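Each remark here refers to the structure printed beneath this line.
The values are calculated or read from the model by the stated rules, or taken from the named source; none is laboratory data. What you see is a predicted model, and the numbers here were worked out from it, not measured in a lab. When we count neighbours, we look across all protein chains shown, and the Cβ atoms used for this are built from the backbone with ideal geometry, even at glycine. We work out accessible area using only protein heavy atoms, side chains counted, and drop any ligands, DNA or RNA first. Shrake-Rupley method; radii C 1.70, N 1.55, O 1.52, S 1.80 Å.
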Amino acid sequence: AAIGADGTPVSLWCRDPELARDINTDHENRRRLPDRILPESVVATPDIDDALGDAEIVLLAVPMQTLRPFVQSHCERLSHRTLVTCCKGIDFETEEGPVEILASFVPDAKRAILSGPSFAADIALGLPTALTIAAADDDLAAHLQSALSTRSLRLYRTTDTMGVELGGALKNVIAIACGACIGEGFGDSARAALMTRGFAEMQRLAAHRGARPETLTGLSGLGDLALTCGSEQSRNYRFGLALGRQEPFDASVTVEGVATAKAVARYAAHEALEMPITRAVAEVSDGGTSVAEALRALLSRPLKKE
Ligand SMILES: NC(=O)C1=CN([C@@H]2O[C@H](COP(=O)(O)OP(=O)(O)OC[C@H]3O[C@@H](n4cnc5c(N)ncnc54)[C@H](O)[C@@H]3O)[C@@H](O)[C@H]2O)C=CC1
Ligand SMILES: O=C(CO)COP(=O)(O)O
């Protein structure tokens, strides 16, 4: 919604024709973003070719685990455009991040990722938000930075797409752990410990993959970790809360951290990387162990240097 806030025309592909009609008449997406009025410059259409038109910049905001099949089935339509993924996660089957998926299926497109601390509901209200735009080519990153920034949305840029992919993916995993910690009743001090040691895991994996340390301490890493691990607006955090309280959770809600935790735990085991919190989230989400057992196991690990 912020993207159309300055009157720039935005075409929104919406698979459900009825919802597209509602968005165009009432300027509201009651199903996904109730009580938020969208700018009139945002126009929805159920026809993907209409939505794409001759657009140069295409923002891809589907759930992470649907990005690969989506891009695969629309690769011809997407080729030769500038594709900006907004996804946060790692593909469960291929262990690729969103930019890597774009590179695999649409190699002739320009590729970028937009990430950082931002709840859709806040952005749609026009609340001040700062994000990271990453593209391997700095000229492309600079072009997108100026094309997508608005009065309320400030973009910083980097060429480290890997660092941005990993920060956005892993903060969801740590947010589940933090929610579970609070839900179980372990308290705020334990949550701060999980956030900090979780951040150490993020940095370890990022270094192993060749990402830059400063990307992880930026908006798309530490910034998003701080937001997601402390707010009940986060679906990953709320999912963790439900796990800790042993309450059911609505399966229709998008929770990106579960598949990502499993993919990253598998990768870390293969690469002999120490990521105990990620492994615990993967095991607890699968029902393999309880939150209390997982946290006790984390506390009983051998003592080590920080
Ligand atoms: N909601 C938020 O505050 C933020 C979300 N993100 C990221 O954006 C991505 C999308 O998240 P949300 O929009 O919140 O998820 P969502 O689940 O609320 O909405 C996803 C949309 O994608 C559509 N969709 C699902 N499968 C599809 C498919 N196979 N083909 C085409 N469309 C499909 C759904 O109908 C829905 O309209 C995620 O990776 C998320 O981590 C990033 C920043 C903030
Ligand atoms: O990525 C987000 C905030 O930056 C949204 O987090 P959730 O997917 O946990 O709701």
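Overall, the accessible surface of the chain at a probe of 1.4 angstrom is composed of carbon and sulfur to the extent of 52 percent. Pairs of Lys residues in the chain that lie 8 or more places apart, or on two chains, and have C-alpha atoms under 19 angstrom apart add up to 4.
The trypsin sites (Lys or Arg not before Pro) of the range 80-171 that meet both conditions, a loop assignment by DSSP and at most 11 other Cβ atoms within 10 Å of the site Cβ, are 151. Beta bridges assigned by DSSP with both partners in the chain are antiparallel in approximately 20 percent of cases. Using the 1.4 Å probe convention, the accessible area of the chain works out to 48 Å² per residue with neighbouring protein chains retained. The Cα-based radius of gyration and maximum Cα-Cα distance (Dmax) for the range 2-162 are 15.3, 41 Å.
Cα centroids of the range 1-53 and the range 258-306: 40 Å apart. Between residue 217 and residue 303, the FRET efficiency from the beta-carbon distance, with R0 = 25 Å, is close to 0.45.
Counting Cα-Cα pairs of the chain in 20 Å increments starting at 0 gives whole-percent bin shares of 33, 57, 9, 0. Placing a label point 7 Å from the Cα of residue 253 along the Cα-to-Cβ direction, the residues of the range 211-240 with a backbone N closer than 19 Å are 225-240.
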